[in-house]
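Peer 1: Shown below is the structure under consideration.
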Amino acid sequence: MSTTTDHASLASSDDEAAPRNTVIVELTVNGERRRAEVPGRQLFSDFIRTDCGLTGTHTGCDDGRCGACTLHVDGQPMKPCMMFTAQADGCQVATVESLGTPEQLSPLQAAFKKHHGLQCGYCTPGMLMSAQALLERNPSPTEDDVRKAITGNICRCTGYQNIVDSILAAAADARGETYTPPSGAGAHPAESDGWVGKGIERPTDNRLLTGYGHYTADDLPVGTLYTAVLRSPHAHARIVRVDTSKALAMDGVDYVLTGQDAKDTWNPFPPTINLGYVLNESWPLAVDKAVYQGEPIAAVAARDPYLAEDALAAIEVEYEILTPITTIEQSLEGSVKVYDDWDSNIGMDVAFEDGDVDGAFARAAHVVRHSFHHHRYTAAPMEARVTLASYDRGSGDLRIDMSTQSAHQCRTLFSQILGMPEARIQVVVKDVGGGFGIKLQIYDDVLPVMLSLKTGKPVIWVETREENFLSGIHARDYDADLECAFDEDGRILALTGDWIGDAGCDGTNRAHGIGQIHVALFYGSGNYKVPAYRARGRGVVTNKAPYGPYRGYGKDVANQSIERLMDVAAKQIGLEPNELRRRNFIQPGEFPYEILTGPIYDSGNYPELLRMAEEAMGHVNFKARQEAALAEGIYLGLGYAMMLEPAGGSVPNSVFNANETATLRMMPEGDFLLLTGMQDIGQGITTAYAQIIADEMNVDPSDVKVICGDTDKVPYGLGAWSSRGGAFGMSSSAEAARALMEKLRKIAAHMLELDPFDLEPRHGGFDGPDGKSIDYRQIGNGVHLWPGPIATVPKGVMANLEETYTWQSKMVRWIPTDKGSLSIYTNHSSGCFAAEVEVDVETGQTTVTRIYAAHDCGKVVNPTIVDGQVHGGIAQGIGAILNEELRYDEQGNLLNTSLWTYMVPQATDVPRIGVGHLESPSPFTTLGTKGMGEGGPVGTPAAVMNAVENALAPLGVELTETPLSPDRMLKMIAAGRATS
Amino acid sequence: MVEVNAGRRRPSSVVSLTRVPELAGWHREGDEIVLGACLTYADMERGELAALVPALAQAARTIGSPQIRAVATLGGNIGTASPAGDTLPVLAALDAVVEVAGRAGGRRVPLLELITGVKKTSLAPGELVTAVRVPVLRGGQEFLKVGTRNAMVISVVMVAVVVDLDGQSVRAGLGSVAPVPVRAREAERYAGEHTDWSRGRLAGPAVARRFGELCAESTAAIDDHRSTADYRRRAVAVCAARALARALPPLEA
């Protein structure tokens, strides 16, 4: 063991801190002349956002990679995060605000709106500025030109296809032509009569496209302090001494918070999930010991972000370095422990068994075994985490604006940590720049809150991209060991699965990822009939970053396991993989279908999904193409994976619980306000929910305003996770509307002196016999104003114009059977994903050339939004399986902490995506809807792997490691060649 | 700039060269091209310059995004001296000479002598790269880069092959496979000896493969977060063979 003293652990300095010199700049921004004296070291992006107040320019990284901040300097697209303000002196600058306005979108912006070229909107301003520059230079770009022109702009939501189509459409429009997207863009179900089923445009887009979005960092109170966090450079180290005195003495530094200070004042992190797991005691800042590289050690609040960074360099920390645990094997071995008070490093160990597993294996014609290790990766939303805390010393109230998916749970967790009455805390969520699961907990988010309480001033923390990788929530990283017994015909007799997840330092408190291995255990059998099943799921702790949800939450683990097993088994048995799938599918006539572990699959048609995918991919002709290509030395492969997306989780003893409430309120003037505890994080639920209310209430979507994300306004609700909107959000909204409809009918009948049964709903009101008719406005005015409730509201009806409905899943069963079966999901969306790949066997590079998803999420409310979710999910799935990997070295140092080295897909990495829809309505939700949105990351990786293995079949390669990075591919190809 | 933002460098002052016209653009002097230190990648990737030094244009096109190509400069790439600097293998293959100015006056130094290690150069304090001289050559040029995806990627390996038909030589510059850009001298000699210079063709496809293997032998690759040493050697062999076969097509076997 060695002792080390670090100054500014992660940020060593080679020179003295920059002097506070200033420069005078004169420039033109959006046609307006500006003269300003600014600090010499000010980044131009800060000048644009803070000094000019042009908050349409967003920042998503610190190193010129993401492109969200792209603007034009003298007509060239540039990244102002890579420039000092001084360098813009004398320049002509144009930001997104120069293109169009919310009232009058520019043609390019209008094309983005029409083609759903944005979801969360965070990357959109930069994307627009790159596209605008392209179109000014090249009025007739090809699709390839467009994709190349936006390689400097990362979008995490859309999968790029709709962005590319938007730009091509704008170009065509300017030339007086009409753009038709190439085939494969989507095959929609028949247009419906009502609003539900229509792919209407999103009204929110006007502001997101023009720089009028309101992300958490966009609106700062006067005098807001900035947070910078000193993080442990060591994965496992005792903290001997922390000296903050020099930092505290610096001009402009208001407070420096240490772990001991926070522990003396507040409480540790409460657990967020506990299904019989071992819990750790952990604090917002490390107290005695740091358990991963990046754990907060101290947090500074200072007058500006540059000063806050300077102060970090002045904090002295003495560490005693301990041996880190960086692998599952080391963790199980147990000679080093992450938590001194635990018996071992195992945080979760759950098992299930039903059916005669051993008997089945004994009589099986084929026994197939497949093991693999799956790598660690993360969501990387373009807006990292941002929290703005404003403690009001006068009232004692605390307002927390934050970029989260679950405002109410955050409020409770803040209350528990701070020991503060919960009603004193208001959590407000404005626009959210993507979440994908990593914004479902509070972790570092509590630091600015503590600093605000200590200083009595507003304090913001804007997570840097490096922080997001270091401490942000990681997922996957598991070992899978599967064995399956088949009869002579390839029918499954029994399946066993053993999964061990590397939960990093924490999968229950700072983040709740350990449950994803538990979910994998429940769904190991996928879309297939499995008569006997034995499974074990373990979660172990290591000295890596916390483990949490990321688009999939174990559904991906189960899916990857069973769908890879099917291809491996087919080869061994001597069947076509899809034939093996067909022989084992749960059949369309068998729903609702209860699997051994307890979940009830609501509806579906798996053979049809597979047929659709085979048709779209030209399955029957592929073999000939493949052979012809191989003769030229080109390795093509086609692979399929079924997808099962359990949605609407209802997990006991957790923040993932089982109720959702909606309030629908009619205004006296006859329009509507829907208040929901669900959260719009860019996926577009406010548009979809307005469509539902419009149909239920017989109005237009523009008559409905949807409010979410303010704990002082909306009813208690649980937010956006587990694709639960399709079940909980939509059902509670529709049920509230139906209840309000009945109330309005009674009041209308009373006002018209008719029987309620005599009234027919019509657009915006009711018609009765004899030409009698009444509008919602007349009802609303009648109840609240002229004449008022005494004259208009019948006896037994409460004198208001609102109804609240709390929806709970009928499918949930929390009392386990003696074998341990449970039911904790409401819906089961499904799909079949298919990918065609080309592998360069000399360099190990894989290119996905075509991809298609046959998708079934029950009743589709807005097909454009659904397609967008599928596209974006597929792009994330491609990135995940080919490139995205969080690599730790043996000392527990995370090696890739920037978007240059953690490789999320860019426009040139994603092929054109085809989507086909099947609608198998759920019998268990009000409208037949099902949750969706996670299918892409769940189904795509296995489809791509199956395709790659298919391509490499002549070389005898079995893929056992991920991601399929070129170096790993060459290793596995060499191993295949050696054994075949 | 990236290092400043990450807090890894905290310079007390920064001087912008954007508005020094003497450092911008390029011009021809006889058989040489003089590239200004502030020449941007956007300047290199198209137009007459791209026709004169095609490998440089190919390298420029693989770099970053339009936003970055608009501001990133040749001088910056040299000064940074990163093993993954994209133009460096091309400049190495071209035997580029760097013009350096300082208070004591100017000097000319070959690129391979200027770059002395990972992010290290022989520039003295106060010295500035002002220009780079490269020859105009008759013959094929090829730049190939393996990253872990198609664009906007820091390279795993880079190979630049330059053919000089008049001087009857093949030159290969390798990047990301050693602390500094590498010339594969043995491979160059081998290729030169196995070329039918009268027809301007390699003697056969096997020559390209052997050339690739010899290139791989001249590397000092390491494992890092982007790839492994083993992979880099194999990728160099494949890329070098492909690059040579494109720059100097082989006679059929």
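Peer 1: Taking a cut-off of 20 Å, what percent of all Cα-Cα pairs in the range B:141-247 are separated by more than that?
Peer 2: Beyond 20 Å sits 33 percent of the P(r) for the range B:141-247.
Peer 1: Same structure again: With +1 on each Lys and Arg Cβ and -1 on each Asp and Glu Cβ, and nothing else charged, work out how big the dipole of chain B is about its Cα centre, in Debye to the nearest 20.
Peer 2: Here chain B has a charge dipole of around 640 debye.
Peer 1: Quote the charge dipole size of the protein assembly as shown about the Cα centre in Debye, to the nearest 20; the model charges only the Cβ of Lys and Arg (+1) and of Asp and Glu (-1).
Peer 2: On the way: 111 positive and 152 negative charges, 272 e Å.
Magnitude of the dipole: close to 1300 debye.
Peer 1: Could you report the protein assembly as shown's accessible area per residue, 1.4 Å probe, as an integer in Å²?
Peer 2: It amounts to 34 Å² per residue over the protein assembly as shown.
Peer 1: Right, next: Is any residue of the range B:228-253 close enough, with backbone N under 11 Å, to a label point placed 7 angstrom from the Cα of B:Arg199 along the Cα-Cβ axis, and if so, which?
Peer 2: Those under the cut-off are B:250-253.
Peer 1: Hey, got the average number of other protein chain Cβ atoms within 10 angstrom for residues in A:76-84?
Peer 2: Working: counts 7, 6, 5, 7, 1, 3, 8, 4, 4.
Mean shielding by partner chains, rounded to a whole number: 5.
Peer 1: A further question on this structure: Let me check the size of the range A:175-276 from its C-alpha atoms; what are the radius of gyration and Dmax in Å?
Peer 2: 26.5, 70
Peer 1: Straight-line reach from A:Lys430: which lysines have a Cα under 22 Å away, not including same-chain ones fewer than 8 places off?
Peer 2: Qualifying lysines at Cα under 22 Å: A:Lys113, A:Lys439, A:Lys457, A:Lys705, A:Lys713.
Peer 1: Also: What number, in percent, do you get for the relative contact order of the range A:66-223 if the mean sequence gap of Cα pairs under 8 Å and at least 6 apart is divided by its residue count?
Peer 2: So the answer I get is 29 percent.
Peer 1: Further question: Could you give the size of the charge dipole of the range B:39-102 about its Cα centre, using +1 on the Cβ of each K and R and -1 on the Cβ of each D and E, expressed in debye and rounded to the nearest 20?
Peer 2: 200 debye
Peer 1: Evaluate the relative contact order of the range B:141-247 (contact order divided by residue number), counting alpha-carbon pairs under 8 angstrom at least 6 apart; express in whole percent.
Peer 2: It rounds to 29 percent for the range B:141-247.
Peer 1: I would also like to ask the following. What residue among B:Pro179, B:Pro66, B:Pro54 shows peak mean-square fluctuation when chain B is described by a Gaussian network model with Cα springs under 10 Å?
Peer 2: Among B:Pro179, B:Pro66, B:Pro54, the largest mean-square fluctuation in the Gaussian network model of chain B belongs to B:Pro66.
Peer 1: To continue, here is another question. Please identify, among B:Asp196, B:Asp224, B:Asp95, the residue showing maximal mean-square fluctuation in a Gaussian network model of chain B using a 10 angstrom Cα cutoff.
Peer 2: For chain B, modelled as a Gaussian network with Cα springs under 10 Å, the answer is B:Asp224.
Peer 1: Follow-up. Using label points projected 7 Å from each Cα along Cα→Cβ, tell me how many nm separate A:Asp193 and B:Arg19, to one decimal.
Peer 2: Computed distance between label sites A:Asp193 and B:Arg19 equals 6.9 nm.
Peer 1: Let me ask something additional. Over the alpha-carbon set of chain B, divide Rg by the Kirkwood Rh and report the Rg/Rh ratio to two decimals.
Peer 2: Rg/Rh for chain B comes to 0.97.
Peer 1: Continuing with the same structure: So what J values fall out for the range A:487-500 if you push phi through Karplus, 6.51 cos²θ - 1.76 cosθ + 1.60 with θ = phi - 60°, rounded to Hz, Gly and Pro as x?
Peer 2: For the range A:487-500, the Karplus curve yields 7, 4, 8, x, 8, 6, 9, 7, 9, 10, x, 9, 10, 10 Hz.
Peer 1: Sticking with this one: How far apart, in nm, are two points set 7 Å out from the Cα along the Cα-to-Cβ line at B:Arg138 and at A:Ile790?
Peer 2: So the label points at B:Arg138 and A:Ile790 sit 10.8 nm apart.
Peer 1: Using the per-residue mean of other Cβ atoms lying within 10 Å as a proxy for protection, in what order, highest first, do the peptides A:147-160, A:789-802 fall?
Peer 2: Highest-to-lowest ranking by the protection proxy: A:147-160, A:789-802.
Peer 1: For the range A:909-962, just the Cα set please: Rg and Dmax, both in angstrom.
Peer 2: For the range A:909-962, the Cα-based Rg and Dmax read 16.6, 51 Å.
Peer 1: Continuing with the same structure: When we measure straight from the Cα of A:Lys623, which lysines land under 23 angstrom away, once same-chain ones fewer than 8 places off are left out?
Peer 2: Candidates past the 8-residue exclusion: A:Lys571.
Peer 1: Amide H of A:Val706 versus every other amide H placed in the peptide plane: which residues, excluding those fewer than 5 positions away on the same chain, fall under 5 Å?
Peer 2: A:Leu674
Peer 1: Just the projected area, averaged over all directions, of the convex hull on the alpha carbon atoms of the range A:107-213: how many nm²?
Peer 2: So the mean shadow area of the Cα hull is 7.2 nm².
Peer 1: Which pairs in the list A:Lys971/B:Lys145; A:Lys743/A:Lys930; A:Lys114/A:Lys743; A:Lys743/A:Lys772 are over 26 Å apart, alpha-carbon to alpha-carbon?
Peer 2: Cα-Cα > 26 Å for A:Lys743/A:Lys930; A:Lys114/A:Lys743; rest within.
Peer 1: On to the next question. Can you grab the distance from the C-alpha centre of the range B:213-253 to the C-alpha centre of the range A:435-498, Å, no decimals?
Peer 2: Spelled out, the Cα-based centre of one part sits 39 Å from the other.
Peer 1: A:Thr70's amide H: which non-local residues (gap 5+, or another chain) put their own amide H closer than 5 Å, with H modeled 1.01 Å from N in plane and none for Pro or chain starts?
Peer 2: Here A:Gly126 satisfy the definition.
Peer 1: Check A:Ala298: other-chain or 5+ apart residues with amide H under 5 Å from its amide H, H built from backbone geometry?
Peer 2: A:Leu230
Peer 1: 222 nm [θ] for chain B, helices only, -39500 (n - 2.57) per DSSP H run of 4+, per residue, to 500?
Peer 2: Values: 11 runs with 84 residues, N = 253.
Taken over chain B, the calculation gives -8500 deg cm²/dmol.
Peer 1: Related question: With a Förster radius of 41 Å, plug the Cβ-Cβ distance of A:Ala172 and A:His763 into 1/(1 + (r/R0)^6) and report the FRET value to the nearest 0.05.
Peer 2: Result of the calculation: an efficiency of 0.70.
Peer 1: Starting at the first residue of the range A:270-283, write each ³J(HN,Hα) from the Karplus equation 6.51 cos²θ - 1.76 cosθ + 1.60 with θ = phi - 60°, in whole Hz, x for Gly and Pro.
Peer 2: Calculated HN-Hα couplings, in order: x, x, 10, 8, 8, 10, x, 8, 8, 9, 9, 9, 9, 10 Hz.
Peer 1: For peptide B:222-232, what's the mean number of Cβ atoms from other chains within 10 Å of each residue's Cβ?
Peer 2: That average works out to 5.
Peer 1: Per residue of B:59-67, what is the mean number of Cβ atoms on other protein chains within 10 angstrom of that residue's Cβ?
Peer 2: So the per-residue partner count for this stretch is 6.
Peer 1: If you average 1/r over all unlike Cα pairs in chain A and invert the result, what Kirkwood radius do you get in angstrom?
Peer 2: It is 29.3 Å.
Peer 1: A further question on this structure: What does the helix-only formula give at 222 nm for chain A: each DSSP H stretch with n ≥ 4 adding -39500 (n - 2.57), the total divided by the residues, and the result rounded to the nearest 500 deg cm²/dmol?
Peer 2: After summing the helix terms and dividing by residue count, I get -8500 deg cm²/dmol.
Peer 1: With r defined as the distance between the Cβ atoms of A:Ser395 and A:Glu103 and R0 fixed at 35 Å, what FRET efficiency is calculated, to the nearest 0.05?
Peer 2: Values: r = 37 Å, r/R0 = 1.07.
Approximately 0.40, to the nearest 0.05.
Peer 1: Sorted by packing (mean other beta-carbon atoms within 10 Å per residue), highest first, where do A:201-209, A:247-255, B:122-130 land?
Peer 2: Ranking, from highest mean packing down: A:201-209, A:247-255, B:122-130.
Peer 1: Stokes-Einstein diffusion coefficient for the range A:10-98 at 25 °C in a medium of 0.890 mPa s, Rh from the Kirkwood formula over Cα pairs: what value in µm²/s?
Peer 2: Working: Rh = 13.5 Å.
Diffusion coefficient, whole number: 182 µm²/s.
Peer 1: Hey, another quick one. So for the pair A:Ser702, A:Glu136, with labels modelled 7 Å out along Cα→Cβ, what separation do we get in nm?
Peer 2: Calculated label separation equals 3.3 nm.
Peer 1: At a 1.4 Å probe, what is the % contribution of carbon and sulfur to the accessible area of chain A?
Peer 2: The C+S portion of the solvent-accessible surface of chain A is 49 percent.
Peer 1: Can you list the HN-Hα couplings for the range B:218-229, worked out from phi with the Karplus curve (6.51, -1.76, 1.60; θ = phi - 60°), rounded to whole Hz and with x for Gly and Pro?
Peer 2: Rounded to whole hertz, the list is 8, 9, 10, 6, 10, 7, 8, 5, 8, 6, 10, 4.
Peer 1: So what is the relative contact order of chain A, in percent, for Cα pairs below 8 Å that sit 6 or more residues apart?
Peer 2: 14 percent
Peer 1: Which of A:Ser821, A:Leu899, A:Gly552 sits closest to the plus end of the dipole of the protein assembly as shown, meaning its Cα is farthest towards the positive end, when Lys and Arg get +1 and Asp and Glu get -1 on the C-beta?
Peer 2: The one lying farthest along the dipole's positive direction is A:Leu899.
Peer 1: Sticking with this one: Rolling a 1.4 angstrom probe over the protein chains, ignoring ligands and nucleic acids, what is the accessible area of A:Lys971 in square angstrom, nearest 10?
Peer 2: Rounded to the nearest 10, the figure is 120 Å².
Peer 1: Residue farthest toward the positive end of the dipole of the protein assembly as shown, with Cβ of Lys/Arg at +1 and Asp/Glu at -1: which of A:Asn946, A:Ile473, A:Gly31?
Peer 2: Selected residue: A:Gly31.
Peer 1: Using the per-residue mean of other Cβ atoms lying within 10 Å as a proxy for protection, in what order, highest first, do the peptides A:486-498, B:105-117, A:679-691, A:894-906 fall?
Peer 2: A:679-691, A:894-906, A:486-498, B:105-117
Peer 1: Follow-up. Have a look at B:Glu48, B:Glu217, B:Glu193 and tell me which one the Gaussian network model of chain B (Cα, springs below 10 Å) gives the largest fluctuation.
Peer 2: In the Gaussian network model the winner is B:Glu48.
Peer 1: Could you let me know the centre-to-centre spacing of the range A:341-393 and the range A:213-263, using Cα atoms, in angstrom?
Peer 2: Using only Cα atoms to place each centre, the spacing works out to 33 Å.
Peer 1: Want the number for A:Lys713 to A:Glu353: 0.36 nm per residue separation, take away the alpha-carbon distance, what's left? The partial results should precede the final answer.
Peer 2: Details: separation 360, 0.36 × 360 = 129.60 nm, distance 4.60 nm.
Additional length available on full extension: 125.0 nm.
Peer 1: As an exercise, use a Förster radius of 41 Å and the Cβ-Cβ distance of A:Glu632 and B:Arg9 to find the FRET efficiency, rounded to the nearest 0.05.
Peer 2: My answer for the efficiency is 0.25.
Peer 1: Considering the Cα trace of the range B:3-101, what is its radius of gyration and what is Dmax, both in angstroms?
Peer 2: Cα radius of gyration and Dmax of the range B:3-101 are 14.0, 45 Å respectively.
The values are calculated or read from the model by the stated rules, or taken from the named source; none is laboratory data. Please read these numbers as outputs of a predicted model, since none were measured by experiment. FYI the Cβ positions are ideal-geometry reconstructions off the backbone, even for glycines, and counts take in every protein chain you see. We work out accessible area using only protein heavy atoms, side chains counted, and drop any ligands, DNA or RNA first. Shrake-Rupley method; radii C 1.70, N 1.55, O 1.52, S 1.80 Å.
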